[in-house]
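What follows draws every value from the coordinates through simple rules; no lab data is involved. These numbers come from a predicted model, not from an experiment. Every residue, glycine as well, gets a Cβ built from its backbone with ideal geometry; the counts of neighbours run over all protein chains shown.
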Amino acid sequence: MKYLLAIYENEKQWESLPQAESKQIIDEYRAFTDAIQKSGNYIAGEALQPTTAATSVRIRDGKRLTTDGPFAETREQLGGFYLVEAKDLDEAIAMAARMPSARWGTIEVRPILDLAQPVG
Amino acid sequence: MESLPSILERTHRADYGPIVARVIRLMGGDFAAAEEVVQEAFAAALQQWPREGIPAEPRAWLLRTAHHKAVDRVRRDVRLAARVDTLEARARVEQASAPALDEADWSTAPDDSLRLLFTCCHPALGQEAQVALALRTLCGLTTEEVARAFLVTPATMAQRLVRAQRKIRDARIPYVVPEVDALEERTHGVLHTLYLLFSEGYAATEGAELLRVDLCAEALRLGRLARSLLPHQAEVASLLALMLLHHSRRRARVSADGGLVLLDRQDRALWDREEMTEGLAQLDAALALGARGVFTHQAAIAALHARAARPEDTDWEQIAALYGRLRELAPGPVVELNRAAAVAMARGPEQGLALVDDLEASGRLTEYYLLPAARADLLRRLGRGAEAAVAYRRALALVRTTPERRFLEERLREVLSSPEAAVRPTAPGTASPASPRPPRPREAPPR
């Protein structure tokens with residue numbers, strides 16, 4: 001089963017972090033990525049630019065509304081994601097718990113909807 | 001001879017949990033489908049047993065019948081999904097067709113009950129859903145019974161159960177006993193759920209009912225089950241001891257007219273000696289297993305009350321010391337308040353009042369009626385009737401249960417009629433100092 005591990009954290013913290021520390025975290029993420037690639041769980045993963053670069057689009061009454069910023073202004077923002085393969089939720093949760101951001105942010109674990117399966 | 005409905009009811013209460021636990025595994029973790037086929041098996045019994053006689057092994061008959069229905073259903077589902085030839089489809093049918101059990105031997109049944117317990121109490125499910133699922137499946141209560149216990153409509157409860165079952169299926173919450181490295185953490189989750197269930201029954205937050213004996217009994221039943229399934233987990237024994245010791249006082253805790261009776265005014269002859277002895281034995285077992293957790297300390301406090309033949313024999317110094325340690329393990333204003341109560345009993349109301357004032361000054365617990373109630377009681381005992389009346393009125397503005405409201409009103413009348421009268425010492429607060437009630441407003445769950 002596929003799961004999305006969405007990384008939510010306060011992006012402002014990254015700006016104020018000394019370079020040595022952010023390098024350490026990035027190294028930790030590299031090691032995590034290597035580990036889940038070796039174990040065969042990794043499907044995809046990316047870091048995102050901050051929400052200052054985000055644009056939100058919606059169509060209302062047939063009109064396109066384009067606004068500056070993320071979907072919602074919250075204390076923590078979506079900063080990156082992994083798409084992983086796990087045998088069940090417990091395995092996905094265990095992976096989420098190994099991610100550095102789990103220590104200061106939140107990892108949301110979302111099962112991927114399999115559109116080939118009947119919905120019900 | 002026992003009547004058929006009575007035999008069926010008894011079998012349902014005793015065996016629904018183990019049977020459904022087994023069928024869930026056979027059906028690949030599909031709770032909803034498993035429950036349906038087990039219910040169909042009970043319905044079949046109701047039709048067939050009067051005609052064909054009651055089987056020698058009713059439980060095995062029910063399991064066998066549910067199993068046949070499960071295999072049929074999985075085959076049908078696979079056919080409907082037109083995936084007869086896929087590997088996955090074959091695996092599902094194969095899993096469902098596996099022997100349900102060696103019918104003469106129920107010794108492997110506990111493994112499935114343990115899987116069911118851990119899955120119902122999975123942290124990915126909401127707390128309310130966990131409790132509802134456990135009552136529905138492990139305890140074999142009907143949806144209507146669970147709904148009544150939680151004062152919600154059957155439709156609301158049914159929806160809550162369906163949502164939980166869907167999450168188990170869609171997020172693929174595994175039907176397993178957690179791996180060794182996660183076992184302790186997950187066991188804490190199970191215990192927390194049982195503790196909330198017991199607390200819910202022990203002191204209803206709202207409404208006229210103070211004791212809902214049913215939920216306490218179900219929590220005890222699950223506690224005993226957990227204890228037998230996890231014999232080496234020390235905190236399981238601690239929680240069972242805590243629940244037994246509190247439950248043993250249930251008859252003394254409510255007066256004939258439904259009023260609340262404080263620990264020091266309870267008729268100790270009404271305490272259930274058998275449950276108390278069992279509780280003390282479970283506490284000893286917990287300590288022998290090395291238990292030193294939150295539940296152990298709470299159970300030890302309850303044990304000190306249990307061992308006091310009269311209120312004045314209570315070892316309040318020891319109780320205050322235990323609350324001191326509890327404060328380190330699970331810091332929180334409710335523990336502080338209980339400690340203040342014990343200190344007041346051990347060393348006099350002035351010392352207790354100083355602690356309560358500190359707590360009030362900290363600004364925590366501002367919405368919790370027990371804080372002004374405790375303050376009022378200490379002021380009353382110090383003969384400061386006018387100040388006590390002010391505090392009782394504040395408590396009355398916050399209290400939510402009827403028996404507790406009546407108790408406070410009575411005390412307010414007392415101080416108003418003889419503001420400076422000396423009054424007998426009682427523990428402050430309206431619940432016993434070791435009340436297992438979950439703190440409200442909510443604080444971090446005890447771990």
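Remark on residue B:332: its backbone amide H falls under 5 Å from none of the residues 5 or more positions apart or on other chains, H modelled at 1.01 Å from N.
Restricting the chymotrypsin sites (Phe, Trp or Tyr not before Pro) of region A:71-115 to loop positions (DSSP other than H, G, I, E, B) with no more than 13 neighbouring Cβ atoms within 10 Å leaves A:71, A:104. Distant-in-sequence amide contacts of residue A:45, defined by a placed amide H-H separation under 5 Å and a gap of 5 or more residues or a different chain, comprise A:83. Backbone geometry of region B:374-381 corresponds, through the Karplus equation with coefficients 6.51, -1.76 and 1.60 at θ = phi - 60°, to 3J(HN,Hα) couplings of 5, 4, 4, 5, 5, 4, 4, 5 Hz, x marking Gly and Pro. Its residue count N fixes a reference of 2.2 N^0.38 Å for region B:212-302, and the Cα radius of gyration divided by that reference is 1.11. In region B:1-47, the convex hull through the Cα atoms has an average projected area of 3.2 nm², a quarter of its surface area.
The share of alpha-carbon pairs in region B:15-74 lying farther apart than 16 Å comes to 35%. When only Cα pairs below 8 angstrom with a gap of at least 6 residues are kept, region B:271-409 shows a relative contact order of 14 percent. Relative to the compact-globule estimate of 2.2 N^0.38 Å, the Cα radius of gyration of chain B comes out at 1.12.
Note that region B:120-161 carries a Kirkwood radius of 10.0 Å, evaluated over its alpha carbons pair by pair. Computed from backbone phi with θ = phi - 60° and the Karplus coefficients 6.51, -1.76 and 1.60, the 3J(HN,Hα) list for region A:69-78 is x, x, 4, 9, 7, 9, 5, 10, 10, 5 Hz; x is used for glycine and proline. Comparing Cα centroids, region B:115-169 and region B:256-285 end up 30 angstrom apart. Kindly identify region B:365-416 as rounded, prolate or oblate by the Cα gyration tensor criterion: order the square roots of the eigenvalues as a ≥ b ≥ c, call it rounded if a/c is under 1.5, otherwise compare a/b with b/c, prolate if a/b is larger, else oblate. Oblate, since a/c reaches 1.5 and b/c is not below a/b. Between residue A:77 and A:9, A:10, A:11, the built amide H atoms are under 5 Å apart, and every one of these is 5 or more places off in sequence or on another chain. For the residues of A:87-100, the average number of beta carbons from a partner chain within 10 Å of their own beta carbon is 3.
In chain B, excluding the sites themselves, the longest stretch lacking any of the GluC sites (Glu not before Pro) that are in a DSSP loop with at most 14 other Cβ atoms within 10 Å is B:207-366. Under 21 Å Cα to Cα from residue A:23, which lysines show up? Leave out anything in the same chain fewer than 8 places away. Those lysines meeting the cut-off are A:12. Compared with the alpha-carbon gap, the fully stretched path from residue B:313 to residue B:265 is longer by 15.9 nm at 0.36 nm per residue. Cross-link partners for residue B:167 among the aspartates and glutamates, with Cα-Cα distance under 17 Å and sequence neighbours closer than 8 places in the same chain left out: A:88, A:90, A:91, A:108, A:114, B:30, B:35, B:128. The helix-based estimate of mean residue ellipticity at 222 nm for chain A, built from -39,500 (n - 2.57) per DSSP H run of four or more residues and divided by its residue count, is -9500 deg cm²/dmol to the nearest 500.
Along its first, second and third principal axes, ordered by size, region A:50-103 spans 43, 23, 15 Å in Cα coordinates.
With only Cα atoms counted, region B:304-416 has Rg and Dmax values of 14.2, 40 Å. Looking at region A:9-80, the pairs of alpha carbons with a distance over 20 Å make up 50% of the total. Using C-alpha pairs below 8 Å separated by at least 6 residues, the relative contact order for region B:1-89 is 30 percent. Between the exposed loop cleavage positions of chain A, defined as trypsin sites (Lys or Arg not before Pro) in a non-H, G, I, E, B DSSP state with at most 16 neighbouring beta-carbon atoms within 10 angstrom, the longest gap is A:1-74. Using the alpha-carbon centroid of each, what span in Å lies between region B:340-408 and region A:70-120? So the separation of the two Cα centres works out to 46 Å.
Diffusion of chain A by Stokes-Einstein, at 20 °C in a medium of 1.002 mPa s and with Rh set to the Kirkwood radius over alpha-carbon pairs, works out to 133 µm²/s. Counting every alpha-carbon pair across the protein assembly as shown, the share separated by more than 43 Å comes to 34%. When the helices of chain B are scored as -39500 (n - 2.57) per DSSP H run of n ≥ 4 and the total is divided over every residue, the value at 222 nm lands at -22000 deg cm²/dmol. Rg and Dmax of region B:246-285, both derived from C-alpha coordinates alone, stand at 11.3, 38 Å.
Whole-Hz Karplus values for region B:264-280 come out as 6, 10, 6, 7, 5, 5, 7, 5, 7, 4, 5, 5, 5, 4, 5, x, 5 Hz, taken residue by residue from phi with 6.51 cos²θ - 1.76 cosθ + 1.60 and θ = phi - 60°; glycine and proline positions read x.
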